[in-house]
Structure formats: structure tokens, C-alpha cells
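Single-structure report; data block below.
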Amino acid sequence: MDTPLTTHTIEIHAVAHGGAGVGRAIGEGTETRTWLIDGALPGERVAARPVKTAKRWIRGGLEQVISASPNRVTPACSLASVCGGCAWQHVDAKAQIGLKRAIVDGALRHLGAKVNKAVASPAALGYRRRARLHYQRQGDGLILGFREERSHALVDVARCPVLDGPLNHAFARLRGLAAQLPAEGEVFGVSDGTVAVLGLPGVRPTEAMDELCRAVLLDEVLIGVALRGNRRRHSVGQTSIELDGGVGIVPMLAGPFSFSQAQAAQNRALVEHVAAAAQANGKRVLELYAGSGNFTRALARTAQRVWAVEGSRESVAYLRALSEDRKLPVNAKHSNIELLLPKLAKNQKTYDLVVLDPPRAGIGEEAAAALAKVASDRIVYVSCDPSTLARDLAVLTKAGHQIVDVTIFDMMPMTPEIETVVTLRSGGRR
Ligand SMILES: C[S@@+](CC[C@H](N)C(=O)[O-])C[C@H]1O[C@@H](n2cnc3c(N)ncnc32)[C@H](O)[C@@H]1O
């Protein structure tokens, strides 16, 4: 069915995974396809033009908001209309958790599950402690920032209102090294709220570069830069920091290249929720996609032993250092989990409790089928992508594990990203 490349009037009734408004064209009798429109909100009537069409849907470009949702606000960031870093700067911060709940409810509806509890973020701006920016050399300076939405073009971000102070400071200092950087590349940063460290892949560690980094970059806030290039790694200053220590929990180690959750306050809430849902007391725990030990340190407080598996060697090294330093009952193993799970299932290995936190891709149907056999009682599945979560849960529930709780966390306000924790029991026991 052809859709003329003219403007259409669309009524938005829902929000899709990824944050786009979902709607239908009005006054067009025969056009039954669903429209997906970035920047449109439920309850709005908008004018849009098709930018991509498929059999069942049309991706529309927002031309005009004809009648606005009460949740539409003026973005706090002056770059919101061009920068692809945040897709929801135009959404009232208080309304974002409700939209995220609706996305997860929609993704899990066919499994008969819905969100039980939604934890809003205490802060909407200045919360983000980990980011990856792109750069391109331009003259003596740098274009340094995020890519435009659905484009490779770079937006120069002098100061990002979502990043925390130390991270903004660290990225800004990188501009001083512009002439010595490759023509284009990426920079990773992580902060503990007071100091920050950067990671520069593709930057060859030489003595001269070490000296330059010390002279131009490091100060009392930017305390270290990790260089990686030509298969060599080098640390200038201190390149690992401690995150999220506090009452009853030991801090974990993090570096610019290892994964850590984007927000300190919500991560504390997430870790405590996972520990409470897991009920690890005296149990043999298999933790998959363990990272540098974010959940491991909480599970190990009461578990008999935690077998923590992770695919990044750097994260495994942090996790081992944490376990040795704090004498935690943890075995940290480096492995590819999608390959490991079928082997464990084949060898009839079982664990009382499995906690997993895969990347966006989820674990996939084959590994989920193996997980269903390996987990003898309880599974706590932490996900950052509701659609791959739904796909994996379909396999687990079909194999007899029942969903007993779904809780979501708004870890990254101003974006449609959602952290979902699903607790399952075999046979539906609580
Ligand atoms: C979403 S992070 C979670 C890390 C940790 N649970 C946390 O909260 O900080 C996913 C982790 O899975 C690891 N990973 C990705 N793919 C993997 C794979 N195929 N096998 C093992 N680990 C993998 C990444 O290195 C990353 O540390």
C-alpha cells in the first residue's frame, strides 16, 4: 500500500519500546498501518510525514504538534532537537516512569504479566556517571558529543545537562588534547560523583602521550586516562575508581571500559531489590553477566557461594580483586554465557538461584531453554530491553517457571531506557 509523501494527521494512543509515539492516521479510511513517530506523546494529535514504510508500520517524521499532551515540556537542554543522546527531553520528568511502565506492560501482556512496582528516579538531570562520546578533529579543536538521532552526524556538546559534574569536566578537558588525537574516535568516561577517569581506545600508548596526558588532561577531578592502541594498554594516573559503597554494601571497582550502571542512587535501589528478590540465604547461586560484581557483592552477603560469570576480562579482574579484598564467597569465571548455559544444561548442573543481567540482546531462545533447566528454583532476570526480555521470558514460562514479580527502575531519565527486574519461581512458589 502506497503512502503519499505528504503530511498526515496522526492520533497518538501509546508509546513504543524505544520511546516513539504509536498512532493511527485519521480521516484516511483505507490506511490501517501503525505509525511510529519519534518525539510524539500519547494523547497528542500530530502532523507527520512518512520517512520509512513497511508492511505493517510507517515510521513518521514529526512535523508539527497539533494538540499537545499535558506531559510535553520545554526541554532543559538547548540541543534536544538535534542531539540523539536523550530522546525524551520533551517529556515531563514526572511522567516518564508512567510511560516506561506502559512500555513494559505492553511487552509482557501476552505473557499475562504486568509491572508490580515502578521506581522513579530521584533526579532527572545531572545523574549520569558513565557515558561514551564520539569525537572528530576539526581544525585545532574537536567536535565532541553524541550522534544525532538515527544518523552518524556528530553534535558538539559543550556541557551535557544529564551528565554529572565530574564527567562533564573530564570530557571538556579532552578538547585540550585535540591536536594529538586520531582524526575521529570514541571516549569513555566514568565518575564516582567526585572524580572521573577517561578511556581512549585507538590512542597508542607512548611515553610522549603519557607525558601529554599528565600535562594537559589530569587534574584534581580527572584523575586518570586509560589508553588502548596497537594492542597495548597503559594507565596514566589512576584509572579505576570505587563505586557505590555504603551502609551494608562494599564498593565495587570500575574503569572507563568496564560496564557500570548509569546512575548511583538508582543503582543502590536496584542492587537492594535484586538481593531481596533473590533471597540468596545459604543458597548456591549462579550469577550470569556479573560485570565487575555489582550484584555479586550483595548476593555474597548471605549466599553459601556465588559462581559469577562474565565475558569481559577486565570486569572479571575487578570482580576477583573485590572478592579477594573483601573475602567474599565468590568464584569469578570468564566465559561466553550463551555457550556456557547449554553446556551446563547438558551436564545436568543445577543451581538453587540464577541471577542474570544480560546486555540489550538478552540471552536468546537456546540459552533461555538451557537456563530453564539449570535454575532449579528461582530466577532473577535483570533486563535493559523489554522486547528481548519478553522473548526470553516466553521460553522460561513455557518451561514451567512462573513470573511472580515485575519491578522497573528509571535508571536513565530523559531517555526511554528501562531497567526491568523479573522474578520467577519454578512451579510459581513465592
Ligand atoms: C548489562 S551489563 C551487567 C553487568 C552487571 N550485572 C552490573 O550490574 O554492573 C552486561 C554484562 O554482560 C557482559 N557480557 C556481554 N555479553 C556477554 C556474553 N556473551 N557472555 C558473558 N558476558 C557477556 C558485559 O561485559 C557486561 O559486563
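Taking the stated definitions as given, is Ala196 of a type in the set (A, V, I, L, M), open to solvent by 40 Å² or more (accessible area, probe 1.4 Å) and not assigned by TED's automatic domain parsing to the domain that holds Thr415?
Values: of a type in the set (A, V, I, L, M): yes; open to solvent by 40 Å² or more (accessible area, probe 1.4 Å): no; not assigned by TED's automatic domain parsing to the domain that holds Thr415: yes.
In short, no.
Out of (1) farther than 18 Å from Leu125 by Cβ; (2) touching a strand residue (DSSP E or B) at 6+ places or on another chain (Cβ under 9 Å); (3) part of a loop (DSSP other than H, G, I, E, B), the odd one out for Cys160 is which?
(1)
When you scan segment 101-113, do you find a residue that is modelled with pLDDT of 95 or more, more than 21 Å from Thr388 (Cβ to Cβ) and not in a loop (DSSP other than H, G, I, E, B), even just one?
Quick first cut of segment 101-113, residues modelled with pLDDT of 95 or more only: 101-113.
Retained after the next criterion (residues that are more than 21 Å from Thr388 (Cβ to Cβ)): none.
The answer is no; no qualifying residue exists.
Kindly check whether there is at least one residue in segment 375-391 that is in contact (Cβ under 8 Å) with a residue 24 or more places away in the chain, of a type in the set (Phe, Trp, Tyr) and open to solvent by 10 Å² or more (accessible area, probe 1.4 Å). Lay out the reasoning, then the answer.
At the first step, the residues of segment 375-391 found to be in contact (Cβ under 8 Å) with a residue 24 or more places away in the chain are 375-391.
From what's left, of a type in the set (Phe, Trp, Tyr): 381.
So of that shortlist, the ones also open to solvent by 10 Å² or more (accessible area, probe 1.4 Å) come out as none.
Within segment 375-391, none of the residues are in contact (Cβ under 8 Å) with a residue 24 or more places away in the chain, of a type in the set (Phe, Trp, Tyr) and open to solvent by 10 Å² or more (accessible area, probe 1.4 Å).
Looking at segment 392-406, which of its residues are open to solvent by 10 Å² or more (accessible area, probe 1.4 Å) and not polar (S, T, N, Q)? Steps first, please.
First, the residues of segment 392-406 that are open to solvent by 10 Å² or more (accessible area, probe 1.4 Å): 394-395, 397-400, 402-405.
Those that are open to solvent by 10 Å² or more (accessible area, probe 1.4 Å) and not polar (S, T, N, Q): Ala394, Val395, Lys398, Ala399, Gly400, Ile403, Val404, Asp405.
Among the residues of segment 201-230, count how many are open to solvent by 60 Å² or more (accessible area, probe 1.4 Å) and of a type in the set (Gly, Ala, Ser). Write out each step before concluding.
Residues of segment 201-230 open to solvent by 60 Å² or more (accessible area, probe 1.4 Å): 204, 207-208, 211, 214-215, 220, 228, 230.
With of a type in the set (Gly, Ala, Ser) added as a condition, the list becomes 208, 215.
Number of matching residues: 2.
Looking for something over 17 Å from Ser323 (Cα atoms) and more than 17 Å from the chain's Cα centre (by Cα) - is there at least one such residue anywhere in segment 253-260?
Looking through segment 253-260, none of the residues is over 17 Å from Ser323 (Cα atoms) and more than 17 Å from the chain's Cα centre (by Cα).
In segment 412-430, which residues are open to solvent by 10 Å² or more (accessible area, probe 1.4 Å), more than 22 Å from Trp307 (Cα to Cα) and modelled with pLDDT of 95 or more?
Here is the first cut: in segment 412-430, the residues open to solvent by 10 Å² or more (accessible area, probe 1.4 Å) are 412, 414, 416-417, 419, 425-430.
This time we only want the ones that are more than 22 Å from Trp307 (Cα to Cα), so: 412, 414, 416-417, 419, 427-430.
Across segment 412-430, the qualifying residues are Met412, Met414, Pro416, Glu417, Glu419.
Among the candidates Ile403, Ile418, Ile337, Ile379, which residue alone is in contact with a strand residue (DSSP E or B) (Cβ under 6 Å, 6 or more places away or on another chain) and over 30 Å from Val15 (Cα atoms)?
Numbers: Ile403 fails: over 30 Å from Val15 (Cα atoms); Ile418 fails: over 30 Å from Val15 (Cα atoms); Ile379 fails: over 30 Å from Val15 (Cα atoms).
Ile337 is the lone residue from the list that is in contact with a strand residue (DSSP E or B) (Cβ under 6 Å, 6 or more places away or on another chain) and over 30 Å from Val15 (Cα atoms).
Mind listing just one residue for me: the one in segment 254-272 that is of a type in the set (S, T, N, Q) and part of a helix (DSSP H, G or I) and, of those, nearest to the ligand (Cβ to nearest atom)? Walk me through it before giving the result.
At the first step, the residues of segment 254-272 found to be of a type in the set (S, T, N, Q) are 258, 260-261, 263, 266-267.
From the residues that got through so far, the ones that are part of a helix (DSSP H, G or I) too are 266-267.
Details: Gln266: 11, Asn267: 7 Å.
Here the answer is Asn267.
The values are calculated or read from the model by the stated rules, or taken from the named source; none is laboratory data. This one's a predicted model, so the numbers in the text were calculated from it and none came from an experiment. Positions of Cβ are generated from backbone atoms using ideal geometry, with glycine treated the same way; all protein chains shown enter the neighbour counts. Calculation scope for accessible area: heavy atoms of the full protein, side chains included, ligands and nucleic acids excluded. Shrake-Rupley method; radii C 1.70, N 1.55, O 1.52, S 1.80 Å.
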